[in-house]
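Read through the structure below, which is laid out as C-alpha cells, and then see the notes.
Every number in this text was worked out from the coordinates using simple rules, so none of it is lab data. Note that the structure is a prediction, hence the values are computed from the model and not measured. For neighbour counting, all protein chains shown are included, and Cβ atoms are generated from backbone atoms with ideal geometry for every residue, glycine included.
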Amino acid sequence: MTATAPRPAGEQRLPSAAQIAARATEQLASVTDTPRLEAELLLAHALGVSRTALLASLREPRDAPAFEALLERRLRREPIAYILGEWEFYSLALTVAPPLLVPRPETEHVVEEALKRAPAVSPRILDVGTGTGCLAVALAVELSEAQVTAVDVRPEALAAAGENARRHGVADRVSAYGGDLFAALPADSAPFDLIVSNPPYVETAAWDGLAPDIRLYEDPGALLAGPEGLDVIRRLIGEGWSRLAPGGWLVFEMGDGQWPSVRRVLAAGGFTEADCACDLAGIPRVAMGRRPLGSR
Ligand code: GLN
C-alpha cells in the first residue's frame, strides 16, 4: 500500500502557479477579452519573474503574496499596463505611467507610415502630444540618424518620454519640450521633414461609451477633441503646415469614420498626396498628407 507521508503540522500547502493562474483567469474573464494572458502577466509581475519563466514552471508551488492586490486592481478595471508599469510598443518595452495614454497597437501603423516617408539622411522629426514617447522613441530607434523633438502639455509625459528614450539608448537624439502643441517648440526651431502625432480624436458624445479601463483611468485630455473629435486634428493640419519643410509629411492617427472629413481638411490646408492606411481591423486609422515641394 502506498501512502503519502503526512504533512508536518503547520506547513501550508501552496497552490501551483497553474492553479493560481486558472483561478485568476476565471475572475478576469469579467473584465477583459484576454484573461489568461493577463493572469499570467500579473502573476509573473507579482513573482518578479518573466512570463516565459513562469510558463516554464507552472507546476511549481508558488507563494505570491503581492498577487491578490494586483488582481484586485485589474478587477477594478485599471489598465494592465499601469499595473505592470510598462507595456510593449513596436517591440520596445516602454515605461507607462498614469494618466498617460497606454500605447496601442493601432498607433504602430503611424510608425510604419512615417518610416516609409522619412528622408534617408538626417531626418528631423516632430512628435506632437508624445505621451509616453512611444512614437518619438520608436522612430529614433528605427532611424539611427533621426533628430526627434517630442512635445506634450503634461509634465508626466516629458518625464516618461525622457525615460523611454534613455531606456532605448536614444536620449541624445530625442529632445522633449512642454507646452500646447506647436507652442511648445523653441522659438528658433527649424522646420521638420516629418510630423507625427496620435492626437486626441474621440467625440465628446462618445465618452460615456468608452470602456471603463479608458474612461476611468486615462487622461481625457489625450482622448477628447470636441463634438466631432476633430478639434486637435484641425489644429495639427492648420498649424503644422508652417512647421514642415517643403516636401515634408504630416502623419497622424484618427478615429473610425473620420477619414472623409480629415481628407477635406488636409486638402483645404494645402496638403497634397493625402492618403490613409487601415489598422488590422480594416478601419482607416492613419492619415497623411504632404506639404508640396516648392510651396511657401
Ligand atoms: N484609440 C483610442 C481609444 O480607443 C483613442 C486614442 C486617441 O484619442 N488618440 O480610445
Margin query: Restricted to Cα positions, what overall size does the stretch 65-219 have along the principal axes? Three whole-Å values, descending.
Written below: 50, 38, 27
Checklist line | Ordering of 129-137, 99-107 by burial proxy (mean other Cβ atoms within 10 Å per residue, highest first) | finding: 129-137, 99-107
Check: Which shape class, rounded, prolate or oblate, goes with the stretch 146-244 when its Cα gyration tensor gives a ≥ b ≥ c as root eigenvalues, a/c under 1.5 marks rounded, and past that a/b bigger than b/c marks prolate?
Finding: oblate
Notebook entry, point to check: Which translational diffusion coefficient, to the nearest whole µm²/s, is obtained for the stretch 100-153 from the Stokes-Einstein equation, given a Kirkwood hydrodynamic radius over C-alpha pairs, 20 °C and 1.002 mPa s?
Noted result: 189
Next item on the list: Rounded to whole Å and sorted largest first, list the principal axis extents of the Cα atoms in the stretch 22-66.
Entry: 26, 20, 17
Notebook entry, point to check: Relative to a virtual label point 7 Å from the Cα of LYS116 in the Cα→beta-carbon direction, which members of the stretch 176-198 show backbone nitrogen distances below 17 Å?
Noted result: 194-197
Checklist line | Difference of contour (0.36 nm per residue) and Cα-Cα distance, GLU68 to GLU142 | finding: 22.8 nm
Next item on the list: Return the sequence-ordered ³J(HN,Hα) values of the stretch 191-200 in whole Hz as given by the Karplus equation 6.51 cos²θ - 1.76 cosθ + 1.60 applied to θ = phi - 60°, using x for Gly and Pro.
Entry: x, 9, 7, 8, 10, 10, 6, 10, x, x
Checklist line | Angstrom value of the Kirkwood radius, inverse mean 1/r, which spans all Cα pairs in the stretch 1-149 | finding: 18.1
Item checked: Nitroxide proxy distance, nm - points 7 Å out along Cα→Cβ at GLU60 and ARG166 -> 3.2
Notebook entry, point to check: For VAL202, which sequence-distant residues (separation of 5 or more, or a different chain) have an amide H within less than 5 Å of its own amide H, given hydrogens modelled in the peptide plane?
Noted result: LEU224, ALA225
Notebook entry, point to check: the stretch 48-68 to the stretch 179-242: how many Å between their Cα centroids?
Noted result: 40
Notebook entry, point to check: Can you give the alpha-carbon Rg of the chain over 2.2 N^0.38 Å, where N counts its residues?
Noted result: 1.19
Next item on the list: Before rounding to the nearest 500, sum -39500 (n - 2.57) across all DSSP H runs of length at least 4 in the chain and divide by the residue total; then give [θ] at 222 nm in deg cm²/dmol.
Entry: -10000 deg cm²/dmol
Margin query: For a quick check: with amide H placed at 1.01 Å from N, whose amide H comes under 5 Å from ILE195's, ignoring anything fewer than 5 positions away on the same chain?
Written below: LEU126, TRP249, LEU250, VAL251
Item checked: Rounded, prolate or oblate (a/c below 1.5 giving rounded, otherwise prolate when a/b exceeds b/c) for the stretch 177-296 by Cα gyration tensor -> oblate
Note to self: Under a crude label model (7 Å from the Cα following the beta-carbon direction), how far is THR52 from ARG13 in nanometres?
What the structure shows: 3.4
Checklist line | Computed E for LEU37/ALA205 - FRET, C-beta separation, R0 41 angstrom, nearest 0.05 | finding: 0.80
Next item on the list: Distance from a point 7 Å along Cα→Cβ of GLU239 to each backbone N in the stretch 138-154: keep the residues under 13 Å and list them by number.
Entry: 151-154
Checklist line | Residue with peak Gaussian network fluctuation, the chain [Cα springs, cutoff 10 Å], from ARG59, ARG117, ARG74 | finding: ARG59
